[in-house]
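Data block below; observations after.
The values are calculated or read from the model by the stated rules, or taken from the named source; none is laboratory data. Predicted model only: the values in this text are computed from it and were never measured. Please note: Cβ atoms are built from the backbone with ideal geometry, for glycine as well, and neighbour counts cover all protein chains shown.
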Amino acid sequence: MTIINFTPLSAFTGGILIGFAVFILFIFNGRMAGVSSIASNAFMQSTDRPDNFLFLFGLILGPIFYSVFSGGVVSNMTSSYALIIVAGLLVGFGTKIGSGCTSGHGICGISRFSLRSIIATISFIITGVLTVFIFGA
Amino acid sequence: MTKLISLISGLIFGLGLTISGMVNPEKVIGFLNIFREWDPSLIFVMVGAIITFSPLYLIFKRKSRPILTQFFIIPSKKDLDKNLIIGASLFGIGWGLVGLCPGPAISALSFFKYEVYAFVACMFIGFYLGNILINRQN
C-alpha cells in the first residue's frame, strides 16, 4: 500500500462544513440530514416535500457556488454506462432498505453513537473496499 | 422559514462535499483503494463532520424542541436487522463500483454530465424498488 493524492486539510475543512450543515438542519428544523432519506422522501412522500427539494437544490448549488469563487471543480467519472446503471440501482436499493447512506449513517448516526449506524458504516466501507479491490480502480 | 434553512443547509453541505473532493468519484475510489494506492483524505471528511456535529448534538438534544418546528425527528430503531446489514453492504458495492454515494451524486448533477444523470435516475429507481420490498415485509 502506498499513500497518494492525500489532501487532509481540504478534506477536514469540507468535513467541518458538512457537520455544520447537519447541525443547522437539526437545531432549526429538527431533522437529520441523511441525503438518501431526504432524496427518497422528496419523491415518495408528500410531507415536507418543499423542504426536501430545497435541501437537494442546495446540494446542487454547492459546486456551482464553489466554482464561482475558485474557478473550477474536479470531478472525473470514467465508469461505463453498464456499471453506472448497476451502481445507481445498488446505491438506491441498498440505502433504502439499509435506512441510510454515508451522511445518514456515517455522519449523523455515528455522531449520535448509534450502534446501527456504526455497523452500517463498517459494512459499506468493507464492501466498498472489496469492490474496488476486485474490480480495480 | 424551515424552507430557507433547508436550502442553506443543503448549500453548505454541497460546499463541504465540493471542497473535500467527495464530488470527485475518482477521489472516492482512491479512498476505497486501500490495498493498492490509498488516498486516506475521506477519513478527514468524516472526522471533521463528526467532531463538529457530535458535541453540538449532545448539547442541544436536551432542548425540548427545535427552533422552528415542534419536535426533533431522530431515528429510534435499535435492532441490528437483516435489512440494515444487507442494505448497507449492497450500497457499499454500488459506491465502490463508480465512486458516488447519494449526497455527492445529487451535487454532481451541477456538472451537466449524462453519466451523473443516469446514476441519479437509477438511484431513484433503486429507492422505489427498496420501498416495494419494505412494504411487502410489513
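What to note about this one:
- Residue match in region A:87-94 (condition: modelled with pLDDT of 95 or more, closer than 23 Å to B:LEU84 by Cβ and surrounded by fewer than 24 Cβ atoms within 10 Å (Cβ to Cβ)): yes
- Within region A:33-48, residues that are without any contact (Cβ under 8 Å) to a residue 12 or more places away in the chain and among the hydrophobic types (A, V, I, L, M, F, W, C) reach no partner that is surrounded by fewer than 24 Cβ atoms within 10 Å (Cβ to Cβ) and assigned to a loop (DSSP other than H, G, I, E, B) with beta carbons closer than 6 Å at six or more positions or on different chains.
- Residue within region B:102-111 that is within 15 Å of A:THR121 (Cβ to Cβ) and touching a helix residue (DSSP H, G or I) at 6+ places or on another chain (Cβ under 8 Å) present: yes
- Considering A:ILE18, A:ILE84, A:ILE107, the condition of being assigned to a helix (DSSP H, G or I), in contact with an Asp or Glu (Cβ under 6 Å, 6 or more places away or on another chain) and within 7 Å of chain B (Cβ to nearest Cβ) is satisfied by A:ILE84 alone.
- Filtered by the rule that a residue be assigned to a helix (DSSP H, G or I) and among the charged types (D, E, K, R), region A:110-119 gives a lone residue, A:ARG116.
- Residue check, A:SER70 without any contact (Cβ under 8 Å) to a residue 24 or more places away in the chain, surrounded by fewer than 24 Cβ atoms within 10 Å (Cβ to Cβ), under 29 Å from A:LEU25 (Cβ atoms) and small (Gly, Ala, Ser): yes
- Selection within region B:112-138 - under 20 Å from A:GLY62 (Cβ atoms) and out of contact with any helix residue (DSSP H, G or I) (no Cβ under 8 Å at 6 or more places or on another chain): B:PHE112, B:LYS113
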